Structure formats: structure tokens, C-alpha cells
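Accompanying notes for the structure given below.
Just so it is clear, none of the values below were taken in a lab; they were calculated from the coordinates. Since the model is a prediction, treat every value here as computed from it, not as a measurement. Cβ coordinates were reconstructed from backbone atoms using ideal geometry, including for glycine residues, and neighbour counts include every protein chain displayed.
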Amino acid sequence: MLKKGLANRRRSTSTVLAARLKSLVGPCLRVPLGVARRSVSIRPMGAGLLYGGYPLNILFTLLVITLATAACERASAGRPLYWAVALLMFVVGGALVEFWWPAVLLGLCVGGYVRRPNALAGVGIVVSLVALTPINGNAWALAALPLLLAAGWLQPKLPRWRWMFYAYYPLHLLALLLIRIPMAKAGYLFLI
């Protein structure tokens with residue numbers, strides 16, 4: 001009798017959770033509950049807020065990586081207090097940004113591998129790419145691995161334009177918007 005009561009309680013709890021999930025996420029995603037449940041259930045922390053202001057976008061991820069890298073460089077230069085700052089940036093910043101800690105770890109490890117290629121940075125890259133798999137819902141992040149390995153051996157002589165990114169980034173967002181308009185009119189569903 002007790003087991004049956006616990007089973008009913010679990011079932012009713014899961015029903016309540018499913019209803020809450022549908023009320024929080026369903027209207028934002030405009031997809032069936034089963035798809036919403038699969039895409040949110042693997043996400044850490046605050047998944048119901050995914051399509052609001054949390055997590056912070058990729059530019060904030062890059063900011064966290066930059067600040068953590070700067071703290072690591074200062075700590076390496078003989079200021080050990082900055083290791084705590086780097087750890088704080090990783091833990092707190094990783095909790096707030098898009099793709100969470102695996103993205104921050106990937107940025108730190110790629111930066112370390114570019115400066116001084118070593119096995120620890122290489123293992124960190126592979127671990128972070130594998131950790132991105134459940135977040136992305138696929139293993140396509142691992143497709144970057146051969147490119148990252150080849151980048152260590154190749155030294156292409158490409159011109160560097162300091163301000164090009166400032167023009168490229170808004171222009172590519174505009175291009176994506178212009179592509180999205182006719183696709184939306186044709187009936188394609190966009191989740192955000």
C-alpha cells in the first residue's frame with residue numbers, strides 16, 4: 001500500500017512539474033511539450049528562464065573568458081591572489097553565460113594551447129567539447145577538434161585588420177535577420 005501511494009505521489013509530482021514546465025517554457029518555445037521537455041531537461045540552473053535574460057549571450061561568455069585569462073596571466077606573473085579571482089570568474093561567470101562552464105573552459109584551454117601547446121590544454125579542449133554535447137543536444141562541437149589541432153601546426157600568413165570585427169559582427173546579424181524574414185513568411189518556426 002505504501003509503495004502504491006509513493007508511486008501515485010511521484011506520478012502526480014511529475015504531472016505538476018510537466019504543467020509548470022509547459023506554463024514556463026511552452027509559450028516561449030511554441031513547440032510541443034515533449035520537445036520542450038527534452039530540450040530543457042538537460043540544461044543546468046534556471047532552465048525555465050532560457051529565453052528571457054538568462055543565460056547571458058556569447059559576448060558575455062567572451063568577456064568572462066577574457067577576464068579569467070587576464071587573472072590567470074597576472075597569477076602566473078607572481079601575484080597568487082589572482083588565481084582566486086580566475087576561479088571566481090570561472091565559477092560565477094560560467095553559471096551566468098551561454099553554454100555555461102564548458103564554453104568558458106574551452107576558451108581558456110584554447111587560449112592556453114595557442115600560447116604554449118601542451119597536453120593539459122589539449123585534454124581540457126577535448127573535455128570541454130565533450131561537455132558541450134548534452135548542452136547542444138548533438139556532438140557537432142567535436143567537429144572543431146581537427147581544426148583546433150591543425151591550427152597548432154599551421155601558421156597561415158593572413159593580414160590582421162584590427163577593426164574588422166566591429167563591422168563584420170553587426171553585418172552578419174543583419175544578414176541573418178534578412179534571411180529569417182522570408183523563411184518566417186514561408187512557415188519556418190524560430191524558437192526565439
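Descriptive notes on the structure:
- Pairwise FRET efficiency - Ala184 versus Thr66, Cβ, R0 = 41 Å, nearest 0.05: 0.75
- Counted by neighbouring Cβ atoms within 10 Å, the residues Ser76, Ser128 run from fewest to most as Ser76, Ser128.
- For region 70-85, backbone phi angles converted through the Karplus equation (6.51, -1.76, 1.60; θ = phi - 60°) give residue-by-residue couplings of 4, 5, 5, 5, 5, 5, 5, 7, x, 10, x, 4, 6, 5, 5, 5 Hz, Gly and Pro being listed as x.
- Modelled label positions at Ala144 and Ile58, each set 7 Å beyond Cα in the direction of Cβ, lie 0.8 nm from each other.
- Relative exposure of Trp100, Trp83, Trp161, Trp153, judged by other C-beta atoms within 10 Å (fewest first): Trp153, Trp161, Trp83, Trp100
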